[in-house]
Amino acid sequence: MRSAGTPGAVLGGAAERQNESVGGEAVEEEPDPRFSLANERTYLAWIRTALALIAAGVALDALAGRISEPARLTVSAALISVGALCALAAHSRWRRVQVALRCRRPLPLLRWSVALGYVIAVIGVVLIVFV
Amino acid sequence: MTQWAPSSMPEPWDRGLQSERTTLAWVRTLLSLLIADVALARLTADRSAFLAILMLAIPMPMTLHLLNALGSRGTRIERQLRDSLPLRDAWKFTSTLTWAVVAIAPLELMTLFVT
């Protein structure tokens, strides 16, 4: 059963709202709305990053005439694929963070952002070598 | 050094601004998607008109639907915040947006390798 308490009375006050089981034991809590909305904005920032990666892949293929065709195709395909994966991963992370907020668990670690940095660095090196 | 405010202090935030910032982030993202979709379709049209039309036909309606629903969602969130009601998860919004972005990728990959 869901009960709405007094949210925002203190920092994190909305977390006081609790969903209680029949026995009265707290199993899940309504997160502070600020955290939910911040999670949503972070998801949107990742989606914009994914969109930028896809657009970079297409722009590279369409506009970079000086790069050899195999290199151009490979890098473009890599950027587009990474963009799509980034969008899927962003959605999965948004969901996991939302669950963690509701259950008052620590937020899950973000491992793939490091991998994304490496992938973009490798793509940059490939471009430098082949231009 | 910045310190967190003690919990006994009155609430330092305006709930309406949170909702406004989130709505603006949605608008920025959907606008980016809309512009990117048109630009990518234009670039694809030189190679395959069919794929360019598909690129407009699949993500564009999703984006326009989200833009249309965004106004009423912003108002609803603001009302829920002001009335201290729990927020509903943005599951439908995030799923639709994710698939609108992901749908572009296979079409672009087809453009790269098929044409």
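Residues checked against (1) at the interface with chain B (Cβ under 10 Å from one of its Cβ atoms); (2) farther than 30 Å from B:Leu43 by Cα; (3) at pLDDT below 95:
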site: A:Ser76; (1), (2), (3): yes, no, yes
site: A:Ala84; (1), (2), (3): yes, no, no
site: A:Gly117; (1), (2), (3): no, no, yes
site: A:Phe130; (1), (2), (3): no, no, yes
- [ ] Kindly provide the set of residues from segment A:64-74 that are under 17 Å from B:Phe113 (Cβ atoms), of a type outside the set (Gly, Ala, Ser) and more than 7 Å from chain B (Cβ to nearest Cβ), ordered by number.
- [x] A:Ile67, A:Glu69, A:Pro70, A:Arg72, A:Thr74
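Every residue in segment A:82-106 that is among the hydrophobic types (A, V, I, L, M, F, W, C) and assigned to a loop (DSSP other than H, G, I, E, B), please.
Matches in segment A:82-106: A:Cys103 only.
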- [ ] Would you check which residues across segment A:52-74 are touching a Leu at 6+ places or on another chain (Cβ under 8 Å) and under 16 Å from B:Arg42 (Cα atoms) and list them?
- [x] A:Ile54, A:Ala55, A:Ala56, A:Gly57, A:Val58, A:Ala59, A:Leu60, A:Asp61, A:Ala62
- [ ] Please go through segment B:67-105 and pick out each residue that is more than 8 Å from every other protein chain (Cβ to nearest Cβ) and within 30 Å of A:Val75 (Cα to Cα).
- [x] B:Thr96, B:Trp99, B:Ala100, B:Ala103
TODO: Would you check if A:Gly65 is of a type in the set (Gly, Ala, Ser) and open to solvent by 60 Å² or more (accessible area, probe 1.4 Å)?
DONE: yes
TODO: With the checklist (1) surrounded by 14 or more Cβ atoms within 10 Å (Cβ to Cβ); (2) touching a helix residue (DSSP H, G or I) at 6+ places or on another chain (Cβ under 8 Å) in hand, flag the one item B:Phe113 doesn't pass.
DONE: (1)
TODO: Kindly list, by first and then second residue, each pair from a residue in segment A:109-127 that is on the phi < 0 side of the Ramachandran plot to a residue that is among the hydroxyl-bearing types (Ser, Thr, Tyr) and assigned to a helix (DSSP H, G or I), limited to pairs with Cβ atoms under 6 Å and residues at least 6 apart or on different chains.
DONE: none
Task: Condition broken by A:Gly13, with the remaining ones in (1) open to solvent by less than 40 Å² (accessible area, probe 1.4 Å); (2) modelled with pLDDT of 95 or more; (3) not aliphatic (A, V, I, L, M) satisfied - done: (2)
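The values are calculated or read from the model by the stated rules, or taken from the named source; none is laboratory data. This one's a predicted model, so the numbers in the text were calculated from it and none came from an experiment. FYI the Cβ positions are ideal-geometry reconstructions off the backbone, even for glycines, and counts take in every protein chain you see. Accessible surface is based on the protein model in full, side chains and every heavy atom, while ligands, DNA and RNA are left aside. Shrake-Rupley method; radii C 1.70, N 1.55, O 1.52, S 1.80 Å.
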